[in-house]
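The values are calculated or read from the model by the stated rules, or taken from the named source; none is laboratory data. The structure presented is a predicted model; accordingly, all values stated were derived computationally and were not measured. Here Cβ is always computed from backbone atoms with ideal geometry, including for glycine, and neighbour counts include all displayed protein chains. These accessible areas exclude ligands, DNA and RNA; they are computed on the full protein's heavy atoms, side chains included. Shrake-Rupley method; radii C 1.70, N 1.55, O 1.52, S 1.80 Å.
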Amino acid sequence: MAALAAVLFAHGAPAAPPAAANGLDRSPNIAPPWLGPVSGKFYDGDSDDLLTAGLGAIGLLAPYALPNPAAPTAAELRRLAIHTNYRAVLDILPNGGYLSLYGPNVLADGTVTAGAGKIAGTEYLAFAQAGGGMRNVTMMVQVPAGFDPRRACIVTGTSSGSRGVYGAIGSSGEWGLKRGCAVAYTDKGTGNGVHDLQGNTVNLIDGLRADAAAAGSSSNFTAALLDAERAAYNALTPNRLAVKHAHSQLNPEADWGADTLRAIEFAFYVLNEQFAPTLPSGKKARLLRPENTIVIASSISNGAGAALAAAELDRHGLIDGVAVSEPQVQTVARSRAERSIVIQRGDGAPYTAGSRPLLDYFTFANLYQPCAALSARAAGSLQPFPAAFVPLAQARCASLHDKGLLAADALAAQADEALDKLLAYGWEAETIPLQVSHWRFATPAIANTYANTYGRFSVADRLCGLSFAYFDVATGLPIAPPVALQGVFGTGNGVPPGAGIGIINDLNPAAFGGPVLDTLSYSSSTGRFDFNLDGALCQRELVGTGAGAERVREGIAQVQQRGRLNGKPTIIVHGRDDTLIPVNFSSRPYVAQSWLAEGAASRLSYIEVTNAQHFDAFLPFPDYAARYVPLHVYFNRALDAMWAHLTEGAPLPPSQLVRTTPRGSPSTAITPDNVPPWAAVPPAGDRITFDGRTLRVPD
């Protein structure tokens, strides 16, 4: 590593400050024991860079395809991954705010430039290894060329969703790089680890594919199957894939907080290797340490939940502050006081069910969303069912009735009842237009992945009769992996369906074509093509008393948090219309429980934003563009506010509801008036308060 650092200094890395100015720790810089081999590469900020992979702000707008999809290089896969992941979490259309409110060309102070926004610097990559390579977690640190060790800062970029290590490149990654901070990324043990069980190939850390046996412990993920077990599985279900998040049998979410802390430790290690003076022993000194470096834990969605978990775990003062958006966080109420928390929105009915486990509310949604989409109250739903899907949704309503899960007899009443069940469970009324699009694009994928991961099921278990495979788009039948598999590191989201990989119902009767895409399959117990209600019921039973439920309950318990942030200053922002991670199941109960636990010592601020939902990347859809504002703007403001608090002592924003104004038309360009700042002193009608038992949120 010392030799690598010397090479990097040749590319213009700034000299280390005098030792006395930083109170130099004479103890040697030692690599963490879990750290595997480290690679590093300098990017010149012209032909290639840290933030845009050489594409620049305008280049990110255009499609990018691998020059040779059958044999991509590692550099091409990196560029594809950055292009895909940047666009996957942001609205990258100019009318929606890209290039004006945010984007590579917008400086840290908000100044809009005509530049490409490329950022030169060094990128370090390594696995955090455990179990002889069975649990390889990708770690990455990006150090911008403008990093100043005299004003050292680190921002975490734990991936959102199940994405790979570049998953936070457009969120906390961009913010940190623009500030001159090192960004500590991790894929948190999910990512695009895809094992082709038929061809026995896997992904390596750089996305290239290799034979699983040859890769050994260098594999990003290899399913834990003996050769004979894999052969038997292939004979039964050919051309299937094992996917890391679902099939690692490790429940990686249990370690997301620890992984985020490890990423920070990795950042300190490589920063000292690059910037610290050399001791007489030949080792680098520990120039940069928590006491002289600002560290902000940040990210969005799953990455945000990981940042909160890291803050709760942090017993060594690694983290100075937390700024997150739309966190996927699940709390457990262990005391009578915690169990009695009430969420009161305006004068409406109180919500008392508390934080629901992720798998609980996704398996509930997976049952009822297809039927609820047909409710007259859902008219005008965004990205509604294609015409061919409507009969299947109608069949789902009828099957739910036959199973005793809906009481109404008529279709219209069944759809209304299904929608009412979702609202009674805790979804806000603002989510009604989003229920169908979220079922189409997210709910079955998440229900399937998390049912597998929480129960630590093997791919060979074929949980609920479901598997992953590429499929023929015309018939839905599984096919042998196409050439696209070579690029899955750059195109996949880690939680199929996506990148051409679908969920296959292996229990679809032979009389109806055998294994086929889950959404097109037949439920034997209902005698209908109803989006495979049998599979959805099987997943729901895993939250209850079905076979395997105890394993799933154990996995859920391992990921639940307590809201004890160790007094760290924290800002959480969340969109009220979030249908994927509803506020009643996540941020609101987490905030209430944290305020209850820490009392007057709490430094947690909660900002809820109207007309904002989970997927900014959906905003280019015309109806989304008309109705919603980018939550990303408030995420950046949360980071700005935390930076000001940690560097200047500025007060944290008071907890409040921010009222936004949608554009009304995708042809209308967004302006700052659509996304007003939060108030330093919010009016009484916008304040979010807690009286010791009740979290009060304005209507």
TODO: Name the residue farthest towards the positive end of the dipole of the range 572-699 from the options I688, P666, A641, assuming +1 on Cβ of Lys and Arg, -1 on Cβ of Asp and Glu, about the Cα centre.
DONE: I688
- [ ] Could you pull out every residue, at least 5 positions away or on a different chain, whose amide H is within less than 5 Å of the one on R345? Hs are placed 1.01 Å off N in the peptide plane, and Pro or chain starts have none.
- [x] Y351, V697
Open item on the list: From the mean inverse distance of alpha carbon pairs (Kirkwood) and the Cα radius of gyration, derive Rg over Rh for the chain.
Closed with: 0.95
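I need the calculated FRET efficiency for the pair A114 and A70, taking r as the beta carbon distance and R₀ as 35 Å, to the nearest 0.05.
Plugging the Cβ-Cβ distance into 1/(1 + (r/R0)^6) gives 0.40.
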Open item on the list: Let me check the size of the range 190-320 from its C-alpha atoms; what are the radius of gyration and Dmax in Å?
Closed with: 19.6, 62
Open item on the list: Once R0 is set to 56 Å, what does the formula 1/(1 + (r/R0)^6) return for the Cβ-Cβ distance between L107 and R693, expressed as a FRET efficiency to the nearest 0.05?
Closed with: 0.80
Open item on the list: On a full-extension model of 0.36 nm per residue, what is the gain between A684 and A669, subtracting their alpha-carbon distance, rounded to one decimal in nm?
Closed with: 2.3 nm
TODO: Name the aspartates and glutamates eligible as straight-distance cross-link partners of K188: C-alpha to C-alpha under 13 Å, and not fewer than 8 places from it in the same chain.
DONE: E253, D255, D259
TODO: Holding the Cα-Cα limit at 30 Å, pick out from K41/K178; K118/K283; K244/K421; K178/K284; K283/K568; K41/K283 the pairs that are longer than that.
DONE: K118/K283; K244/K421; K283/K568
- [ ] Would you calculate the separation in nanometres between label points at E554 and A484, each defined as 7 Å from the Cα along the Cα-to-beta-carbon direction?
- [x] 3.7
Task: Spin-label proximity, A214 to the range 483-527 - amide N less than 19 Å from point 7 Å beyond Cα toward beta carbon - done: 483-489
- [ ] Quote the FRET efficiency, to the nearest 0.05, computed for L226 versus S524 with a Förster distance R0 of 45 Å and r equal to the Cβ-Cβ distance.
- [x] 0.90
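If you take every DSSP beta bridge whose two residues both sit in the chain, what share of them, in percent to the nearest 5, is antiparallel?
Roughly 60 percent of the beta bridges in the chain run antiparallel, per DSSP.
Assign one of three labels to the range 627-699, namely rounded, prolate or oblate, based on the Cα gyration tensor with a ≥ b ≥ c the square roots of its eigenvalues; rounded applies when a/c is under 1.5, prolate when it is not and a/b is larger than b/c, and oblate otherwise.
oblate
Give me Rg over Rh for the range 140-261, both radii from the alpha carbons and Rh done the Kirkwood way, two decimal places.
Computed over Cα atoms, the ratio is 1.10.
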Task: Convex hull (Cα only) mean projected area of the range 547-699, reported in nm² to one decimal - done: 11.6
TODO: Please calculate how many Å² of accessible area the chain carries per residue, with a 1.4 Å probe and no DNA, RNA or ligand atoms counted.
DONE: 34
Task: Mean residue ellipticity (222 nm) of the chain, computed from DSSP H runs ≥ 4 via -39,500 (n - 2.57), nearest 500 - done: -8500 deg cm²/dmol
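Starting from the coordinates of the alpha-carbon atoms of the range 250-299, obtain the Kirkwood hydrodynamic radius over all distinct pairs and give the value in Å to one decimal.
Taking the inverse mean of 1/r over all distinct Cα pairs, the range 250-299 comes out at 12.5 Å.
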Open item on the list: Using square roots of five times the C-alpha gyration tensor eigenvalues, list the equivalent-ellipsoid semi-axes of the range 39-146 in whole Å, biggest first.
Closed with: 27, 17, 14
Task: Where labels lie 7 Å past Cα in the beta-carbon direction, separation of A388 and R564 in nm - done: 5.4
TODO: Would you kindly work out the equivalent ellipsoid of the range 77-118 from its C-alpha gyration tensor and give its semi-axes, the square roots of five times the eigenvalues, largest first in whole Å?
DONE: 20, 13, 8
Open item on the list: Can I get the semi-axes of the range 446-545's equivalent ellipsoid? Compute them from the C-alpha gyration tensor as square roots of 5 times the eigenvalues, in angstrom, largest first.
Closed with: 22, 19, 10
TODO: Note down the nm distance, to one decimal, between modelled labels 7 Å out along Cα→Cβ at L93 and at F512.
DONE: 3.7
Open item on the list: Need one value: the accessible area of T526 in square angstrom, 1.4 angstrom probe, rounded to the nearest 10.
Closed with: 30
TODO: Please label the shape of the range 528-611 as rounded, prolate or oblate, based on the square roots a ≥ b ≥ c of the eigenvalues of the alpha-carbon gyration tensor (a/c under 1.5 means rounded; beyond that, a/b larger than b/c means prolate, else oblate).
DONE: oblate
